[in-house]
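Trainee: Handing you this structure, nothing more for now.
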Amino acid sequence: MTESFDPGALRQWWPKPSKPRPIVIFGAGSIVGDAHLPAYRKAGFPVAGIYDPDHAKAAALAKEWDIRAFEDEAAAFLVPGAIFDLATPPAAHAAILGRLPIGAAALIQKPMGSDLAAATAILEICRTRKLKAAVNFQLRFAPMMLALKDAIAKGHLGEIVDFDAWLALATPWGLWPFLKGLPRIEIAMHSIHYLDLVRGLLGNPQGVHAKTIGHPNHDVAQTRTAAILDYGDRVRCVLSVNHDHDFGRKFQACEFRISGTSGAAYVKLGVNLDYPRGEPDELWIRPAGGSDWVAVPLEGAWFPDAFANRMANLQRFATGEDEELIGSVEDAWQTMALVEAAYQSSAAPATAIAPLPGQ
């Protein structure tokens, strides 16, 4: 039975751990200063320090946030009871994980390796070393997405039958210099969030049709993607992603439309518009039995609050307060398998169109 719709009662936060563990961050890139550190400070999670092979870079960020910059990797590993936060490029994950203490808790920056083979190697390392490891697919933990999932669970949309993702915006790829020269960019580094979110809402698709391409105005491998996820004959799921709509804010968009048999939701992902400054997120719901769209008052944003919620679940799982680790390496591997299938689809020939008879 569907509950009466109260937008203020939708869940937006993950419970905090009763005794937060110290966090050791590997990597001092822009995402750490833009999201990890602001989220952890806001949530009251203690940060023991940062390690980066570029010590000067780590030291500058550590000074800004009044925390420690480890002189070497070995010192970072010695923090007792630490949660290890790997905010590192995908090629660096496996080596760090292979040196973590047996049974340690770790959060791995997405993607889970450069491709499915690398993800499989990371999965085996985590299994062998008994790591309590999750991948930082934190979009599932954004306040708007927690509220959306709660609304679906409470029956306010009915059975989900449509999911549309539409992005037309200008992404500043230059903020991430490590991407230059990589063969896989758009799906592996960006739309992977949306594929993971869809899996969290709808489960695993049967397959995927996809095409991902670059743009003549720059040398990033791919910046535009179109994808259809196959959920059979009851659910339509489509992603249209264009990071090169650089013609002013007026007609840019970053939004999802989720339709059910008796209600619908609209989500605006504000951070991607004028990143990293961003705009406010939005969640609107037309609930089952309702006559109009209702704005859900959001108490936070994807950046940085999803990072705090993501870390809270890992911390609570590490201490036994949560029974389930959302986005575990076992689950994240399946998102990586979907990404791999999308790239394989993109590389495969399209169905040929019949020529005009007589030609």
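The values are calculated or read from the model by the stated rules, or taken from the named source; none is laboratory data. Quick caveat, the model's predicted, so the values are computed rather than measured. Using ideal geometry, Cβ is built from the backbone for each residue, glycine included, and neighbour counts are taken over all protein chains shown. These accessible areas exclude ligands, DNA and RNA; they are computed on the full protein's heavy atoms, side chains included. Shrake-Rupley method; radii C 1.70, N 1.55, O 1.52, S 1.80 Å.
Trainee: If you average 1/r over all unlike Cα pairs in segment 229-271 and invert the result, what Kirkwood radius do you get in angstrom?
Mentor: Numbers: mean 1/r = 0.0782 Å⁻¹.
The answer is 12.8 Å.
Trainee: While we're here: Using the reciprocal of the averaged 1/r over all distinct C-alpha pairs, how large is the Kirkwood radius of segment 161-309 in Å? Don't skip to the end; give the middle numbers.
Mentor: Values: mean 1/r = 0.0602 Å⁻¹.
So the Kirkwood estimate lands at 16.6 Å.
Trainee: Could you tell me which residue out of Ala341, Ile25, Val271 lies farthest along the dipole of the chain toward its positive end? Charges go on the beta carbon: Lys and Arg +1, Asp and Glu -1, centred on the Cα centre.
Mentor: Most positive-ward Cα: Ile25.
Trainee: List the residues whose amide H sits under 5 Å from the amide H of Thr88, counting only those 5 or more places along or on another chain, with H placed 1.01 Å from N in the peptide plane.
Mentor: Amide H to amide H, under 5 Å and 5 or more residues apart or across chains, Thr88 pairs with Gln109.
Trainee: Placing +1 at every Lys and Arg Cβ and -1 at every Asp and Glu Cβ, with all other atoms neutral, what dipole size does the chain have around its Cα centre, in debye to the nearest 20?
Mentor: 340 debye
Trainee: Please express the Cα-Cα pair-distance distribution P(r) of segment 169-237 as a list of whole percents, one per 10 Å bin, running from 0 to the bin with the greatest distance.
Mentor: For segment 169-237, the binned pair fractions read 18, 47, 25, 10, 0 percent.
Trainee: Once the other residues with Cβ under 13 Å from the Cβ of Glu323 are scored (Lys, Arg +1; Asp, Glu -1), what is the net sum?
Mentor: -1
Trainee: Amide H of Leu131: which non-local residues (sequence gap of 5 or more, or other chain) have their own amide H closer than 5 Å, using H built in the peptide plane?
Mentor: Gly103
Trainee: Given H placed 1.01 Å from N in the peptide plane, which residues other than close sequence neighbours of Ala253 have an amide H under 5 Å from its amide H?
Mentor: Answer set, sorted by chain and number: Ala168, Leu169.
Trainee: If I compute solvent accessible area with a 1.4 Å probe over the protein chains, what percent of it on segment 1-75 is carbon and sulfur? Before the final figure, lay out each step's value.
Mentor: On the way: 2020 of 3890 Å².
Here it works out to 52 percent.
Trainee: Tell me which of Trp65, Val241, Ser4 sits at the most positive position along the dipole axis of the chain, charges placed on C-beta atoms (Lys, Arg +1; Asp, Glu -1).
Mentor: Trp65
Trainee: Sticking to Cα atoms, compute the Rg of segment 259-359 to one decimal and its Dmax as the biggest Cα-Cα distance, whole number, in Å.
Mentor: 21.1, 72
Trainee: Same structure, new question: Considering only His245, His193, His218, give the residue with the highest GNM mean-square fluctuation for the chain, with springs between Cα atoms whenever their separation is below 10 Å.
Mentor: His218
Trainee: Each residue of segment 8-15 in order: what ³J(HN,Hα) in whole Hz does its phi give by Karplus 6.51 cos²θ - 1.76 cosθ + 1.60, θ = phi - 60°, with x for Gly and Pro?
Mentor: Karplus-based 3J(HN,Hα) across segment 8-15 equals x, 8, 6, 5, 10, 10, 8, x Hz.
Trainee: Sorted by average packing, counted as other Cβ atoms within 10 angstrom per residue and highest first, what order do 266-273, 200-207 take?
Mentor: Descending packing order for the listed peptides: 266-273, 200-207.
Trainee: Something else: Taking DSSP loops as anything outside H, G, I, E and B, show the longest stretch in the chain free of GluC sites (Glu not before Pro) there with at most 10 other beta carbons within 10 Å.
Mentor: Longest gap between qualifying sites, sites excluded: 1-322.
Trainee: Among the helices of the chain (complete DSSP H runs), which have Cα atoms covering no less than 24 Å along the helix axis and a Kyte-Doolittle mean of at least -1.0? Please list the in-between numbers first.
Mentor: Details: long enough: 329-347 (26 Å, 0.06).
Result, helices passing both filters: 329-347.
Trainee: Another one. Report relative contact order for the chain in percent, whole number only (criteria: Cα-Cα under 8 Å, sequence separation at least 6).
Mentor: Value for the chain: 22 percent.
Trainee: Accessible area of Leu325, 1.4 Å probe, to the nearest 10 Å²?
Mentor: Estimated to the nearest 10 Å², Leu325 gives 20 Å².
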